[in-house]
Structures are given as C-alpha cells and as structure tokens.
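Worksheet: the structure to be examined is printed underneath.
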Amino acid sequence: MRAIWKGAVSFGLVSIAVKLYSATEEKDIRFHQVHRADGGRIRYKRTCQVCGEEVSYDDIAKGYDIGGGEMVILTDEDFADLPLSTSHAIDVLEFVPAEQVDPILYNKAYFLEPEGAATKPYLLLRDALTDSERVAIVKVALRQREQLATLRVREGVLLLNTMLWPDEIRKPDFGFLDEDLKIRPPELAMATSLIDSMAGDFHPDEFTDDYRAALQEVIDAKVEGREVVQPEEVEEAPAAAVDLMAALKASVERARAARGEAPAGGGAEPTPISSARSAQKKAAEKKTAKAPAKKAPAKKTAEKKATAKKATPAKKTTEKKATKKATPRKSA
C-alpha cells in the first residue's frame, strides 16, 4: 500500500504522527473510449462555449450558476480566506458510543499507521478506544475539503471513516409511506419464518463478483501485458509529542476543569500549557545530565576496536598459511 497523506492525530495535548492509507479499493474494470476502426483513443478538448477556443488549465476558473444564465466566477484569492485547515491534523472532538453513528453517514475508509516515535501513543489510543467501546469523532481536511470522520479499531489498526454531513443525507420521500396498508399477522409470521430459514453468519469472503470475473477472463484472452505507473511521493509528517504521560495528564485536567470538577490529588491546579512546558523542561534536563556520561564508553569502545584491528590481521595471516600447507595440489 502507498501512503496518500501524512499528518497527526491530536487529542488533548497528545500528538500522534500517522500515515494515511486507503483501506478499500474498487475492483471495477475500467475502459477507455476508442475509435472502433483503428483503436485510437478518443480525446476531449476543453473548449469555451462563447469563443470556441481551446482553454488551458491555467485559464480555467470555477463558476457558480445562480440561474437565469448568470454565472459567478471565483478565483484562487476567493478561496484563500476560507476556513479550511491545512495543518494536516486529525482533531479529536469527542468520544461517543459506536452504535450512535448511523452507518449511512460512513463514506470512505482509511488505515492509520504510526510514524517514527509515535508507535507508543498510537497503541495507547488504540487500546483506550477498545476498552471504552467508543469511537472518536474527528475533523480532518482531505483533498481541499473539511470532513467529519470517526476513529475506531479494526484488526489492531486505527481506522478512519470519513462521513457525510447530515445535510447530505436525503430524506426518503415516497408515496407508499403515506398509504394505509395493513400487514396481516399470518403474512408477517410467514415472512419471519422465511428469514429464520435463511439465517446465518456473515462471511464476506464467501461472496464473489461473478460478472467481473467473467469479464476479466474475456480481457485476459486478448491482452498479454499490463503497464504499472509509479505514484508520486507525499510530504513528511510532524514530530510526535515530547512527553506522552505529561500531555495525557494535562489533557485530563483540562477536561475536568471544563466540566467544573476539582483537579485530581487536590492542591493548585496546573494548566495544560504549564504542565507541557514543565514536561519539556524535565526532558531537556535529563538529556543534559546524560550527555557527559556517554563520552567515557565511546572512548573505551574506540580503544577496543583499535586493539581488535591490530590483532585481527595477524590471526588471519596465520590461518591462511595453515590452510595453504594443508591443501594438496590438484594434478593437471
């Protein structure tokens, strides 16, 4: 799989650098339109309806039809001030029971993989979600569009499911819903009996796309080779949090303060910012204290390597001489 996006999951003061992979793929067989006579590809030109000239991508703008033949043209400057996040962040908004999310809202699925030193906080979030039996509601900007999504666990991996916005779900407006039709109890009992007779456990691997398989056989009979295109690389992801435990504690304290609860352990309540700064300061002090102690072992290691280098050639020379004496010459 190829990473299509890099960013960071952010909940509280915890930041988890991740890579995003598409979790699904369409298996539809795609075709090009070609000239039946000679097999040449059919190309479409971008032409202006007014002047009839071919237009390059640089001269194409976005237009919104307001009706009556009128069009509002939007430029790059008009889009620049829109509130779209470009920070490559997956911001956790809340944690909710999974059954409260209607499956009709789900759109596309993506796997999240930890990057660099983010494995431990990644596993922590994964296990916490599993224990709580909840999913995280998040916001993320993908492909120049802000999207609502969920984070849940599937086969030990965090899965991001982008969702449709509520106003993108259509209302079922059908005439039969207003008809006064009664279902008789015997009919309902028979239908229920039929369902019971066909009941089973769902195993998706048992089902196949027979049409696609047959079509592929037809194509394989005519085609011998396929071309593979190398995809482009993506940007680097931000670094993970410095001190995971301090960030977690500060996040919990902030959440308690938001609910008006007293801080754990009593005493003066530290702020998330002061806690994070204190954690960073302690980490820096630990690194400074450990730095001088590393010089002595390095020197000893260098001396050991030098001694080993001096002793090794003599040993190898002796072994080579012994080998030459012991090996008999082959007759011509």
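The values are calculated or read from the model by the stated rules, or taken from the named source; none is laboratory data. Predicted model only: the values in this text are computed from it and were never measured. Every residue, glycine as well, gets a Cβ built from its backbone with ideal geometry; the counts of neighbours run over all protein chains shown. Side chains included, ligands, DNA and RNA excluded: accessible areas come from the protein's heavy atoms. Shrake-Rupley method; radii C 1.70, N 1.55, O 1.52, S 1.80 Å.
Using bins 10 angstrom wide from zero, how does P(r) for segment 108-220 break down, in % of all Cα pairs? Bins of 10 Å from zero give 10, 19, 21, 29, 17, 4, 0 percent of pairs. Between Asp58 and Arg212, full extension at 0.36 nm per residue minus the direct alpha carbon distance yields a gain of 51.5 nm.
The mean of 1/r over all pairs of different alpha-carbon atoms in segment 120-171, once inverted, gives a Kirkwood hydrodynamic radius of 12.3 Å. Note that segment 71-137 shows a convex hull volume over its alpha carbon atoms of 163 Å³ per residue. The slack in the chain from Ala191 to Thr24, taken as 0.36 nm per residue of separation less the alpha-carbon distance, amounts to 56.6 nm. Using the heavy atoms of the protein chains and a 1.4 angstrom probe, tell me the accessible area per residue for segment 1-120 in square angstrom. Solvent-accessible surface per residue comes out at 77 Å². Among 124-130, 62-68, 135-141, the peptide with the highest mean count of other Cβ atoms within 10 Å heads the list, and the full ranking is 135-141, 124-130, 62-68.
One equal scatterer on each Cα of segment 28-109, no solvent, Debye formula: the resulting log10 I(q)/I(0) at q = 0.11 Å⁻¹ is -0.77. In this calculation the C-beta distance from Arg259 to Lys108 is compared with R0 = 35 Å, giving a FRET efficiency of 0.55. For the cross-link pairs Lys108/Lys249; Lys19/Lys120; Lys6/Lys249; Lys120/Lys249; Lys6/Lys139, the ones whose C-alpha atoms lie over 24 Å apart are Lys108/Lys249; Lys6/Lys249. Over segment 1-149, the fraction of Cα-Cα pairs per 10 Å bin, rounded to whole percents and listed from the shortest bin up, is 8, 24, 24, 22, 15, 6, 0. Of Tyr110, Tyr21, the order by accessible heavy-atom surface (1.4 Å probe, DNA, RNA and ligands excluded), from most exposed downward, is Tyr21, Tyr110. One chain, two ends: Leu177 and Val72. Fully extended at 0.36 nm per residue, the span grows by 33.8 nm beyond their Cα-Cα distance.
When +1 charges are put on Lys and Arg Cβ atoms and -1 charges on Asp and Glu Cβ atoms, the dipole computed for segment 96-181 relative to its Cα centre reaches about 600 debye. Per-residue accessible area (protein heavy atoms, 1.4 Å probe) orders Trp5, Trp165 as Trp165, Trp5, starting from the largest.
Rolling a 1.4 Å probe over the protein heavy atoms of segment 28-115, with every protein chain left in place, gives an accessible area that is 51 percent carbon and sulfur.
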